[in-house]
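Read the structure below first, then the notes.
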């Protein structure tokens, strides 16, 4: 990380302010005016639009293995995805994913 | 149904919020660990959890900061993760819009996935509740979650440096993100949005850090909304 201390605090506080304004938005400022359905429809997809794209390169080319595809990490990611999809349970998905990662790292002699 | 006071509504909110500690605690510890590992100070790490108070966005910002992305891109990408909360804010207006502004301002600070999801279900059930009970319930749900998020971030930040690299904590972040979005893949539209996000993000990996992701997110949102519209027309 090469930011100055001031830049890091700027990021933190700007993010805090922006997040708060998003949370307050309709509740505080716009009042009772209903949101256009087209906007609501787009907003519904923000989490599944941002997180998968962020994760994909981290899964395929992890920094910890110098950007080389790492079978244990790839397998753990797929298991987490499958369990999260099937159980709809965050903790179950994380637990199974972590267990898979450690089991695979151990089997391949990395642990 | 017996009349509920604001006080008893508050305590039933606290009870409904308690199970979420199981999710919040490991998440917050992990953020503390990853943030210190990325090179933030204890004060900066705590600053994130206290003022931003949004798990996924904090992790997203951190990831981009590790990549030394431009500041504007860090902010845009992390705020995009939080845009869903504008939807929560809009959905709460019919229930809480009549509360005094200062109460709505407090509600907004703790307007997160868990408080929103639990409250919407309960407001639907308890049609006898007035706005005072609803506000009390909402803040009740937030009561166990908020301090725990902050305290457990500190725990993670303080113990994190003692965790050896063989534990592969680098991969805690991707696994956490996957665990967060996988349960959201409820409809074909959500699956298409996620697939477009991955495809475009990988295709644009050569762009400056964070920029490809923003384009991918925009394309994925449009793809999801379009599929939803098509499916609705077909069903009609």
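In table form, for the structure just shown:
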{"read-out": "Kirkwood Rh, angstrom, region B:129-236 [1 / mean 1/r, Cα pairs]", "value": "17.9"}
{"read-out": "Spatial separation of Cα centroids for region B:33-98 and region A:46-107, in angstrom", "value": "21"}
{"read-out": "Debye intensity ratio in log₁₀ form over the Cα atoms of chain A, taken at each q of 0.17 Å⁻¹", "value": "-1.01"}
{"read-out": "Cβ-based exposure ranking for B:42, B:214, in which fewest neighbours within 10 Å come first", "value": "B:42, B:214"}
{"read-out": "Gyration tensor (alpha-carbon) shape descriptor, chain B, a/c threshold 1.5", "value": "oblate"}
{"read-out": "Per-residue average of Cβ from other chains inside 10 Å of B:210-223", "value": "4"}
{"read-out": "Order of A:69, A:8 - criterion: other Cβ atoms within 10 Å of each residue's Cβ, fewest first", "value": "A:69, A:8"}
{"read-out": "C-alpha long axis of helix A:90-107 to longest principal axis of chain A, angle in °", "value": "30"}
{"read-out": "Per-selection Rg to Rh, region B:186-225 - Cα, Kirkwood hydrodynamic radius", "value": "1.02"}
{"read-out": "Mean projected area (nm²) of the alpha-carbon convex hull when the protein assembly as shown is viewed from all directions", "value": "18.1"}
{"read-out": "Mean separation of Cα contacts under 8 Å, 6 or more apart, over the residue count of chain A: relative contact order %", "value": "13"}
{"read-out": "Rg to Rh quotient for region B:89-152, alpha carbon positions, Kirkwood Rh", "value": "0.96"}
{"read-out": "Computed over region B:145-201, Cα set: Rg, Dmax in Å", "value": "16.1, 43"}
{"read-out": "Order of A:10, B:48, B:20 - criterion: other Cβ atoms within 10 Å of each residue's Cβ, fewest first", "value": "A:10, B:20, B:48"}
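None of the figures in this text is laboratory data; all of them are computed from the coordinates on show. Note that the structure is a prediction, hence the values are computed from the model and not measured. Note that each Cβ is placed from the backbone with ideal geometry, even for glycine, and that neighbours are counted across all protein chains shown.
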